[in-house]
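These notes concern the structure reproduced below.
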Amino acid sequence: MTSLEEKASHPSTLAMKYHPFYKGKIQIALKCPVRSYDDFAIWYTPGVAEPCKAIQKNVDLVFEYTNRANTVAIVTDGTRILGLGDIGPEAGLPVMEGKALLFKYLGGIDAFPIALATKDAEKIIEIVKALEPSFGGINLEDIEKPKCFYILERLRQEMRIPVWHDDQQGTATVTVAAFINAVKFVGKRISDVIVTLIGAGAANIAIARLLIAYGVPAGNLRLVDSKGVLHAEREDVDKLQFQDKWKYEMAIKTNKDRVVGGIPEGLKGADVCIAMSRPGPGVIKKEWITAMADDSIVFACANPIPEIWPWEAKEAGAKIVATGRSDFPNQVNNSLGFPGIFRGALDVRAYTITDEMCLAAAIELARVAEEKGLSEEYILPTMEDWEVYPREATVVAMKAIELGVARIKKSRDEVYEEAYRKIKIARDQTKLLMEKGFIPPPPE
Amino acid sequence: MGGIQEIEIRDAKPEDTNGIVELVIRLKRLNEEFDPLFKTRDDIAIHAKKYVESALVSDESVIVVAERKGKIVGVIKADIVDRIFYEPRIEGRIRELYVLPEFRRNGLGKRLIEVIIEKLKNRVDMITAEFPTLNEIAIRFYNRLGFRGIMSNYTIEVRK
């Protein structure tokens, strides 16, 4: 246990050494040549006036003449940074930069951290809407719930570029991919499995929605929150109708068996447990896992410590265990989702990212792992299997075209090659900067 | 999800008392969520029961329930009020209306209103509904059905 703790604290020590050394994780780099100062007359005034005028006539040309189609704004109000809570926009900035790094390295996307000095939902909506002309997409990051649901819903309705909240759609996409393969591996049917979701936060509500879209009957889901298993007649359901209508919807349509009680009652006889609740260990007890159905599947995704240690879940009878950690097998890792999904959405200039597009990405993600051969310890690709990103990009883009939410049409091959190339450039550029010493080696 | 087609709407009977009491308590607890001046008493169950029992035998009250497979899933209660100063004179005042969450958005609330109007139409000149000013759900519901505000009930606390 001590070694695990040491292992977990190691990145924290390095982070405090490296952050002040590099003073940030991203920077702006040029995309066009500067052969001499004469080129400035092309890239800036007077030459630049021509593309300006062309865009004025046809506003969609902005995607042809600028970098807009490759940009994402990472927006936070600092109210729910990691598991640290409301620590303020400045304190959230390192996370936003980290996210921008992942966007670039894994998806070839230029993402800009934008930490706002307001927590007012209406103001956030107004500000983000006003950013629309500059960006190809919006990534809402670490905003507290239920505000995050409301902001996402409003912005998705009112903006003509994709708006994404990774804690909802991103986590849901990757989790559903893991779910698909895990259920397949144990040989159960999607229409039969009972799925207990522990925690009814942003992630699990979105996971429930995506599972239903995938074909799990809503009545087979059981959501457990701090007050116990959710069901239509629970005392507080009336209140949810106006305080958290997303959870209210789930209260009404899930749990057809009317299971009441807490986590143990919710897990009894269930085939799958998806825990996105609070750090363990001990949030889920071994005997509760034992009381699940045979060949049970347990995703214990709280960070930094899962709700139950993977070996405990295994000892208790779980066939497949996944966590949020990279040092255990089957990491449910958001970074497997958003870079590829945004890549695909941006490359066909999608207006939005729908649940269908997320589901397409989840299915493709599952397929990549399946092609490599599923095992108890391999139900999801890892970030090293990086062909996963162009492949996700491709299915997302194709789905966007099919749904009529893409501004431009491309063939499957075109999308794949473009995505592959852009992601490879981002990786190669980083390598080159490191080789040339522009990104110096870290301090000892 | 509750199937609305299996729901029967009918006059309340004495044996429905407990089911009605349960829904009335849920309604009052919902009111509490909107306004602390509607904080429910610890012994609300006793009073709710007496209230329902006396309404069931009163000529001045009408209670209609929605029943599904032996279970009360919705209730409406209206009282006959004589408006001694005004015309029109006889008012049917809806004081309780509650539908369990899973049976909402099926038009059941509206049907309960229609049924009670039908039952009262020979006895009253107008129908009103009474609910806490801050209960947004009720406000939206009655506005949608074409009701409008007629009487205001203001408060100031004199003792904390």
**OP:** Determine whether B:D43 is farther than 17 Å from B:R95 by Cα, open to solvent by less than 60 Å² (accessible area, probe 1.4 Å), away from every other protein chain (no Cβ under 14 Å) and modelled with pLDDT of 95 or more.
**Re:** yes
Original post:
Just wondering, is there one or more residues in segment A:54-62 that are modelled with pLDDT of 95 or more and more than 25 Å from A:L346 (Cα to Cα)?
Top reply: no
**OP:** Answer yes or no as to whether A:K239 is facing another protein chain (nearest Cβ under 8 Å), among the basic types (K, R) and touching a strand residue (DSSP E or B) at 6+ places or on another chain (Cβ under 9 Å).
**Re:** no
Subject >> Matching residues in segment A:305-322 - criterion: being in contact with a helix residue (DSSP H, G or I) (Cβ under 6 Å, 6 or more places away or on another chain), more than 20 Å from A:R189 (Cα to Cα) and outside any helix (DSSP H, G or I) >> reply: A:A316
Subject >> Scan of segment A:80-92 for residues that are within 18 Å of the chain's Cα centre (by Cα) and surrounded by 14 or more Cβ atoms within 10 Å (Cβ to Cβ), ordered by number >> reply: A:R80, A:I81, A:G92
Original post:
Quick check: is even one residue across segment A:23-37 exposed (fewer than 14 other Cβ atoms within 10 Å of the Cβ), in contact (Cβ under 8 Å) with a residue 40 or more places away in the chain, more than 22 Å from the chain's Cα centre (by Cα) and farther than 28 Å from A:A350 by Cα?
Top reply: yes
**OP:** Collect the residues in segment A:220-241 that are part of a loop (DSSP other than H, G, I, E, B) and either among the aliphatic types (A, V, I, L, M) or touching a Cys at 6+ places or on another chain (Cβ under 9 Å) (or both), keeping them in residue-number order.
**Re:** A:L230, A:A232
Original post:
When residues of segment A:201-225 are filtered for being open to solvent by 10 Å² or more (accessible area, probe 1.4 Å), under 19 Å from A:I284 (Cβ atoms) and under 22 Å from the mean Cα position of the chain (by Cα), how many remain?
Top reply: 3
**OP:** Within segment A:152-179, work out how many residues are of a type in the set (V, I, T), in the same structural domain as A:V229 (by TED's automatic domain parsing) and touching a Phe, Trp or Tyr at 6+ places or on another chain (Cβ under 7 Å).
**Re:** 2
Original post:
Does A:E144 satisfy the condition of being free of Cβ contacts under 8 Å to residues at least 40 places away in the same chain and not small (G, A, S)?
Top reply: no
Original post:
Is it fair to say A:A293 is of a type in the set (G, A, S), open to solvent by 10 Å² or more (accessible area, probe 1.4 Å), assigned by TED's automatic domain parsing to the domain that holds A:F179 and touching an Asp or Glu at 6+ places or on another chain (Cβ under 8 Å)?
Top reply: yes
Original post:
Just wondering, is there one or more residues in segment A:422-439 that are under 26 Å from A:D355 (Cα atoms) and of a type in the set (D, E)?
Top reply: no
**OP:** Among the numbered conditions (1) of a type in the set (A, V, I, L, M); (2) in a helix (DSSP H, G or I); (3) in contact (Cβ under 8 Å) with a residue 60 or more places away in the chain, tell me where A:M357 comes up short.
**Re:** (3)
**OP:** Could you grab me the full set of residues in segment A:242-266 that are surrounded by fewer than 16 Cβ atoms within 10 Å (Cβ to Cβ), more than 10 Å from chain B (Cβ to nearest Cβ) and assigned to a helix (DSSP H, G or I)?
**Re:** A:K245, A:P264
Subject >> Residue among A:V396, A:V415 that is assigned by TED's automatic domain parsing to the domain that holds A:L210, open to solvent by less than 60 Å² (accessible area, probe 1.4 Å), in contact with a Gly (Cβ under 6 Å, 6 or more places away or on another chain) and not hydroxyl-bearing (S, T, Y) >> reply: A:V396
**OP:** Considering every residue within segment A:229-236, establish whether at least one is away from every other protein chain (no Cβ under 14 Å), open to solvent by 50 Å² or more (accessible area, probe 1.4 Å) and within 28 Å of A:K184 (Cα to Cα).
**Re:** no
Subject >> Hey, A:V163 under 14 Å from A:G340 (Cα atoms) and either free of Cβ contacts under 8 Å to residues at least 24 places away in the same chain or of a type in the set (V, I, T) (or both) or not >> reply: no
**OP:** Would you be able to say whether some residue in segment A:98-110 is free of Cβ contacts under 8 Å to residues at least 12 places away in the same chain, more than 17 Å from A:A203 (Cβ to Cβ) and not β-branched (V, I, T)?
**Re:** no
Subject >> Hey, B:E15 out of contact with any strand residue (DSSP E or B) (no Cβ under 8 Å at 6 or more places or on another chain), at pLDDT below 95 and either more than 13 Å from chain A (Cβ to nearest Cβ) or not in a strand (DSSP E or B) (or both) or not >> reply: no
Original post:
Hey, any hits in segment A:325-344 for a residue that's surrounded by fewer than 21 Cβ atoms within 10 Å (Cβ to Cβ), basic (K, R), out of contact with any Pro (no Cβ under 6 Å at 6 or more places or on another chain) and not in a helix (DSSP H, G or I)?
Top reply: no
Subject >> strands (runs of 3 or more DSSP E) contained in segment B:65-160 and holding at least 3 residues within 14 Å of chain A (Cβ to nearest Cβ) and surrounded by 13 or more Cβ atoms within 10 Å (Cβ to Cβ) >> reply: B:71-82, B:90-99
Original post:
Out of all the residues in segment A:93-111, which are open to solvent by 20 Å² or more (accessible area, probe 1.4 Å) and touching a Ser or Thr at 6+ places or on another chain (Cβ under 7 Å)?
Top reply: A:L102, A:Y105, A:D110
Subject >> Criterion violated by B:V24 - all others in (1) within 14 Å of chain A (Cβ to nearest Cβ); (2) in a loop (DSSP other than H, G, I, E, B) satisfied >> reply: (2)
Subject >> Answer from B:E53, B:E8 - the residue that is assigned to a strand (DSSP E or B), more than 13 Å from chain A (Cβ to nearest Cβ) and not basic (K, R) >> reply: B:E8
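The values are calculated or read from the model by the stated rules, or taken from the named source; none is laboratory data. All values derive from a computational prediction rather than experimental measurement. In this analysis, Cβ positions are derived from the backbone assuming ideal geometry, glycine residues included, and neighbour counts consider all displayed protein chains. Remember, those area values only see protein heavy atoms, side chains included, never the ligands or the DNA or RNA. Shrake-Rupley method; radii C 1.70, N 1.55, O 1.52, S 1.80 Å.
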